[in-house]
1. Using the heavy atoms of the protein chains and a 1.4 angstrom probe, tell me the accessible area per residue for region 36-85 in square angstrom.
2. Multiply the residue gap between Arg20 and Glu76 by 0.36 nm, knock off their C-alpha separation, and tell me the result in nm, one decimal place.
3. First measure r as the distance between the Cβ atoms of Val44 and Thr133, then evaluate 1/(1 + (r/R0)^6) with R0 = 30 Å and state the FRET efficiency to the nearest 0.05.
4. Note down the accessible area of Leu105, probe 1.4 Å, to the nearest 10 Å².
5. Rounded to a whole number, what % of the accessible area of region 32-153 do carbon and sulfur atoms account for, probe 1.4 Å?
6. Quote the FRET efficiency, to the nearest 0.05, computed for Ser160 versus Val98 with a Förster distance R0 of 35 Å and r equal to the Cβ-Cβ distance.
Amino acid sequence: MNRAVHSAPATRPRRAPRRRALSLLLGGVLNAAAVGGAICILLVILAVAMHISLILFRTGSMDPTIPQGSLAVVKEIPASEVSVGDIVTVDREGRLPVTHRVIGLEDTDGGATRLTLQGDANPVPDPAPYDVTTVRTVLFAVPGLAAPVAALGSPYVLGSVTLAVSALVVWALWPRRRDDGGAGAGVEAGTGTGTKPDAREAEVPAPRSEAT
């Protein structure tokens, strides 16, 4: 009895693990971007509603209390509420703000408060006192965060992060051809169709001889 020969069904390489890894990477990046955006929104709200902002320490004038490279969270308050021993940030016209410790204060005739400041690492007080109505007092500081925060503010870093996230989003949403794992499973060798032949067609009986 003759039988038709069937070839093994064609199989396609599995891409699920690779796509799963890329999906996890995309999800992680998008989650990180969402967290970063939420933090930025929170900082804006705090800055507007509670007058809280950030200060980067690029020098070591407040060592060892606040080391160089620290990130400090400061809050704006009236200068009249300052006490000797407080660490405050004072704005200077035409120059960068200075953050030092208050070692002396007095009221002025114009309603401002005159502060004498000195850095903890400096041997002498600042050259001149500051007449101010408001200052920013240091709530707390975190060492080592100044450089990363300054880098995040760079237009090159922001542009690179934006392009990378955009590329991942486009890749995730780009239409793809659907992989059908069963495609070709029923394709017979030497045939152009994917239909499985009937059993009656696959088995051809041998011819019989009639008795004479």
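1. That works out to 57 Å² per residue.
2. 15.3 nm
3. The pair Val44/Thr133 has a calculated efficiency of 0.75.
4. Its heavy atoms expose roughly 80 Å² to the probe.
5. 62
6. The formula returns an efficiency of 0.60 here.
The values are calculated or read from the model by the stated rules, or taken from the named source; none is laboratory data. In this text the structure is predicted, and so the values were computed from the model without any measurement. Using ideal geometry, Cβ is built from the backbone for each residue, glycine included, and neighbour counts are taken over all protein chains shown. Only protein heavy atoms, including side chains, enter the accessible area calculation; ligands, DNA and RNA are left aside. Shrake-Rupley method; radii C 1.70, N 1.55, O 1.52, S 1.80 Å.
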